[in-house]
Amino acid sequence: MSAPLTRDRPLEREAGSGAASGRNVFRFREGVSRRWRPAPALTATAAAHAGALLAFAAAPAAWPWLAAALAANHGTLLAASLSPRSQLLGANRVRLPEAAARRGEVALTFDDGPDSELTPRVLDLLDAHGAKASFFCIGERAAAQPGLVREIAARGHSVESHGQRHSAAFASYGPWRLMRDVEAAQDAIAGACGVAPRFFRAPFGTRNPMLDPTLSRLGLHYVSWTRRGYDTVDRRAPRVLRRLTAGLRAGDILLLHDGELGHARSVLAVLPGVLAALAERGLRGVSLRAACGDEPSA
């Protein structure tokens, strides 16, 4: 068995159940996981269910009112799940730490890759402007193109997790399926580039109410964004660019896409304008790891 390993240096393959099935399994240093503190919304939900159970035991005839109260509670959780920047379901970084903002940093992030055609061209554009970024990769795609994932890391960018399959049902996964998906993405990305992700962004930005315990167990931190361009649904580059740069300031986290799950080719027309806007404002494009340092959590 390999020695304990950290997240920020290359991981070593370890024999285990995965090895028996022909896979490489990567283990994380004991202690990388962090303590889970339930978000107030989840604590309130547990209290509401316990209270409803006790109330029903005392007054069964009140069940319609109790059911309505629980339905309202679940509606609140659903709304939080569908609100990518919400903090109701747990810590959610929507801006960089103040220290990064004072340094004039802006985090550039790309979802849905890697893509054999788009990602190399995005990397070249970033290199041409001396900018760094974070790539939130889909585990299955990372496993299929490990050389490209290694190239992202070799050029000084960070590789983070966007889940294993990018399923539209991610927000409704049960706890065990959720854990399997996030763990599989960790293994796939670590296996591709030798460094396990530190940050996680949910597919489509829809956050599963039970995601936080899984992220805590794996030492991951949840990130959404300050500004997004909707580049997967809008082919009009000027409009996408305006969404990203109107009011742009130090400490922002920008979201673009380098995968072909939508119309992400517009990133090639938009990214030069974003990088030019950063330069005009005296700002610097950086990765989340570089910006957040010892402050990964929101």
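The values are calculated or read from the model by the stated rules, or taken from the named source; none is laboratory data. Fair warning: this is a prediction, and the values are worked out from it, not measured in the lab. Positions of Cβ are generated from backbone atoms using ideal geometry, with glycine treated the same way; all protein chains shown enter the neighbour counts.
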*Condition test on Val182, is it of a type in the set (A, V, I, L, M, F, W, C), under 17 Å from Ile138 (Cβ atoms) and touching a residue at least 24 places away in the same chain (Cβ under 8 Å)?*
yes
*asked:* Taking the conditions exactly as written (touching a Gly at 6+ places or on another chain (Cβ under 7 Å), modelled with pLDDT of 50 or more, hydroxyl-bearing (Ser, Thr, Tyr) and part of a loop (DSSP other than H, G, I, E, B)), does Ser86 satisfy them or not?
replied: no
_Qualifying residues in segment 243-298 (those that are of a type in the set (Val, Ile, Thr) and assigned to a strand (DSSP E or B)) - the one farthest from Asp212 (Cα to Cα)_ = Val286
*Restricting to segment 191-214, what's the tally of residues that are buried (at least 22 other Cβ atoms within 10 Å of the Cβ) and under 12 Å from Ala39 (Cβ atoms)?*
2
*segment 19-43: number of residues that are assigned to a helix (DSSP H, G or I) and modelled with pLDDT under 70*: 2
*With respect to Ala80, is the statement that it is within 26 Å of the chain's Cα centre (by Cα) and modelled with pLDDT of 70 or more true?*
yes
*Select from segment 113-126 the residues that are over 20 Å from Gly273 (Cβ atoms) and charged (D, E, K, R) and write down the one among them that is nearest to the chain's Cα centre (by Cα).*
Asp115
_I'm trying to understand the selection: among the residues of segment 197-219, which are among the aliphatic types (A, V, I, L, M) and either modelled with pLDDT under 95 or in a helix (DSSP H, G or I) (or both)?_
Met210, Leu211, Leu215, Leu218
*asked:* Anything in segment 76-96 that is buried (at least 19 other Cβ atoms within 10 Å of the Cβ), within 27 Å of Asp294 (Cβ to Cβ) and touching a helix residue (DSSP H, G or I) at 6+ places or on another chain (Cβ under 6 Å)? List them, or say none.
replied: Leu89, Gly90, Leu96
